[in-house]
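A short write-up of the structure that comes next.
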Amino acid sequence: SQTIHQWPATLVQPVGSPLSLECTVEGTSNPNLYWYRQAAGRGLQLLFYSVGIGQISSEVPQNLSASRPQDRQFILSSKKLLLSDSGFYLCAWSPGTSRPKNNEQFFGPGTRLTVL
Amino acid sequence: GQQVMQIPQYQHVQEGEDFTTYCNSSTTLSNIQWYKQRPGGHPVFLIQLVKSGEVKKQKRLTFQFGEAKKNSSLHITATQTTDVGTYFCAGPSYNTDKLIFGTGTRLQVFP
């Protein structure tokens, strides 16, 4: 069965520090991968998605970047964190487009980031 | 751009009362999905509806997809405290691999 991992679960970082959040998926190949951010009590904001290695689509211009160095690995990064980067970061996967259209998404446990 | 709205934004009910959340898309959808996010947790996929007018049930939950495939509803019969959370609908963005998530409805159930 498929499993999605995210780490760390919680992170407190000072303003101006770098960030690296990692997400890995097991039990599937060529998944679509997604990074979302959720502010407290708010909805899901799509940040980046990827349909393959090295293919990244950015949804919102901001202080963050994403990379997909391997098929089942998705990394969210920042060179210098801002206070506004605080939030709940969620990684998700869905079956790739090579399969019959079945685009439900499966979310990881998330990382709670606080920037002080 | 394509938008998906949900009402109400919040709903407080007494345990045992019914609850309904409504989802409306600005465009026709090929399918509609529903997710539940418990407080402090991550969204969990509940169900997908594909056909116009489709109705599906999961125990006390009833999901409906509108005839025009632009709206959907989730109805919970006789709510329980375990139903607490935020319910999101989502539809695929046209010709992409993205989902457009609704604004969410937060349900609070008082015992």
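The values are calculated or read from the model by the stated rules, or taken from the named source; none is laboratory data. Computed from a predicted model, the values in this text were never measured in an experiment. Counting neighbours? That spans all protein chains shown, and the Cβs are built from the backbone with ideal geometry, glycine included.
Things to note:
- Complete set of residues in region B:28-64 that are within 25 Å of A:Trp93 (Cβ to Cβ) and assigned to a loop (DSSP other than H, G, I, E, B): B:Leu29, B:Ser30, B:Asn31, B:Arg38, B:Pro39, B:Gly40, B:Gly41, B:His42, B:Pro43, B:Val50
- Under the condition of being more than 8 Å from chain B (Cβ to nearest Cβ) and either modelled with pLDDT under 90 or over 11 Å from the mean Cα position of the chain (by Cα) (or both), the residues counted in region A:46-56 number 5.
- Unique residue being within 11 Å of chain A (Cβ to nearest Cβ), farther than 23 Å from A:Ser57 by Cα and modelled with pLDDT under 95 when the list is B:Gly40, B:Gly104: B:Gly40
- All positions within region A:62-78 that are over 20 Å from B:Phe101 (Cβ atoms) and free of Cβ contacts under 8 Å to residues at least 24 places away in the same chain: A:Asn63, A:Ser65, A:Ser67, A:Pro69, A:Gln70
- Applying the criterion of being among the aliphatic types (A, V, I, L, M) and at pLDDT 95 or above to the residues of region A:10-39, the residue that is surrounded by the most Cβ atoms within 10 Å (Cβ to Cβ) is A:Leu33.
- Boolean, B:Glu67 is surrounded by fewer than 15 Cβ atoms within 10 Å (Cβ to Cβ) and either touching a residue at least 40 places away in the same chain (Cβ under 8 Å) or within 24 Å of B:Asp97 (Cβ to Cβ) (or both): no
- Against the conditions (1) more than 16 Å from B:Phe101 (Cα to Cα); (2) more than 8 Å from chain B (Cβ to nearest Cβ); (3) among the polar types (S, T, N, Q), A:Gln38 satisfies every one except (1).
- B:Tyr87 vs. criteria over 12 Å from the mean Cα position of the chain (by Cα), among the hydroxyl-bearing types (Ser, Thr, Tyr) and closer than 27 Å to A:Pro31 by Cα: no
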